[in-house]
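Everything below concerns the one structure shown next.
No value in this document is a laboratory result; all are computed from the given coordinates. From a predicted model like this one, the values you see are computed outputs, not experimental measurements. Here Cβ is always computed from backbone atoms with ideal geometry, including for glycine, and neighbour counts include all displayed protein chains.
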């Protein structure tokens with residue numbers, strides 16, 4: 001797969017170089033835009049959410065997370081060069097064993113891509129709008145399959161090729177992506193905020209299509225994920241198709257609703273161990289639904305349900321745990337990071353959500369969720385617990401936003417175990433500065 005990517009890159013480079021030297025392009029002047037943002041968040045938790053008897057975990061934990069991003073875009077005729085540096089670091093944690101690559105990624109080029117800008121004027125037929133090659137931050141559709149991650153301190157990135165098309169009233173993205181692995185990966189280097197140059201592997205790739213209707217009511221995705229072991233890479237040899245259909249009710253009425261169905265089918269190994277060479281079937285699914293209405297001009301109330309397939313039998317020759325791939329879950333299940341919230345697999349989540357923009361500068365989220373297992377672990381309990389969460393954002397200045405949030409989990413029988421069976425209490429305070 002890597003030779004195809006390299007060959008395409010060389011051909012595109014030659015074609016672009018020839019175009020850049022044309023008299024029409026040389027007569028134009030390039031334009032530059034520089035922007036950025038700095039996010040700082042302090043978190044505190046009492047009683048870890050997940051059951052544990054590991055003495056590395058403490059009853060109380062804290063973390064100060066910093067994420068700085070600086071982006072530069074140069075446009076010249078029909079060409080665009082984009083580069084972005086991100087610096088994600090963590091301080092004050094109490095030797096937290098959950099600290100990993102999802103939180104620390106020191107001084108990394110998270111985006112560096114070159115684009116040819118196509119025809120944006122045509123109203124019908126199939127027309128290429130943009131063709132890009134390089135490294136990307138991507139957010140497609142509901143962000144349950146491919147996303148960069150907003151709340152999480154370190155972002156998902158991808159090397160590859162992204163083409164953007166217009167087909168009648170649809171916007172279509174065709175992609176060939178090599179997911180980037182954040183480095184370093186050892187606990188000591190991560191805890192010390194040490195830097196390592198991230199890399200992708202030719203043995204792990206995603207290719208497929210994301211399409212959205214002009215009004216964004218329909219969003220369709222289909223991807224083939226293909227990985228195998230390689231030098232420095234141990235995998236579960238996942239090979240499966242993911243198909244998603246997401247519908248959102250237009251916001252021209254007081255009703256608010258959306259629904260998404262995702263199915264996965266293919267094969268994988270049970271573990272990433274090189275000695276595990278047994279191929280098993282992978283069949284998984286997800287359903288998300290939300291329905292409600294605007295109860296005032298600024299406040300909505302919705303009932304929400306998430307059903308995610310799970311697996312409680314590793315001996316039956318198949319896997320039915322949903323694979324979240326490169327999606328994020330903060331917007332469905334609550335804060336990640338120190339709180340860690342529920343993974344998107346083997347889960348039934350039912351609840352209510354209120355969102356209120358009670359002033360032009362304020363946005364308040366209050367959400368209640370009941371969690372249980374879709375398939376109860378053998379010998380375990382089904383009831384995970386009841387969670388109440390809030391998040392308040394206040395736009396203090398045009399480019400400066402404050403944020404406060406927290407969560408309380410009244411643990412059910414499945415989680416009221418281990419060294420810290422008492423309910424979990426979590427809070428954070430943060431700001432976002434744009435420049």
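What to note about this one:
- Selected residue (only one of 99, 82 is under 24 Å from the mean Cα position of the chain (by Cα), part of a loop (DSSP other than H, G, I, E, B), buried (at least 19 other Cβ atoms within 10 Å of the Cβ) and at negative phi): 99
- For residue 150: the one exception among (1) part of a loop (DSSP other than H, G, I, E, B); (2) more than 17 Å from residue 180 (Cβ to Cβ); (3) in contact with a strand residue (DSSP E or B) (Cβ under 8 Å, 6 or more places away or on another chain): (3)
- Residues (loosely packed, with under 15 Cβ neighbours inside 10 Å and within 24 Å of residue 38 (Cβ to Cβ)) located in segment 363-403: 396, 397, 398, 399, 400
- Here residue 160 does not qualify as surrounded by fewer than 18 Cβ atoms within 10 Å (Cβ to Cβ), more than 16 Å from the chain's Cα centre (by Cα) and more than 30 Å from residue 192 (Cβ to Cβ).
- Condition broken by residue 73, with the remaining ones in (1) part of a strand (DSSP E or B); (2) closer than 19 Å to residue 42 by Cβ satisfied: (2)
- Just one of the listed residues (366, 304, 384) is in contact (Cβ under 8 Å) with a residue 40 or more places away in the chain and more than 27 Å from residue 57 (Cβ to Cβ), namely 304.
- Considering segment 164-188, the residues that are crowded, with 16+ Cβ neighbours inside 10 Å and more than 19 Å from the chain's Cα centre (by Cα) include one that is nearest to residue 235 (Cα to Cα), namely 184.
- Screening residue 319 on (1) buried (at least 19 other Cβ atoms within 10 Å of the Cβ); (2) within 19 Å of the chain's Cα centre (by Cα); (3) closer than 22 Å to residue 221 by Cβ shows it passes everything except condition (2).
- Listing of strands (runs of 3 or more DSSP E) fully contained in segment 197-312 that carry 1 or more residues being over 23 Å from the mean Cα position of the chain (by Cα) and surrounded by 18 or more Cβ atoms within 10 Å (Cβ to Cβ): 255-268, 280-294, 299-308
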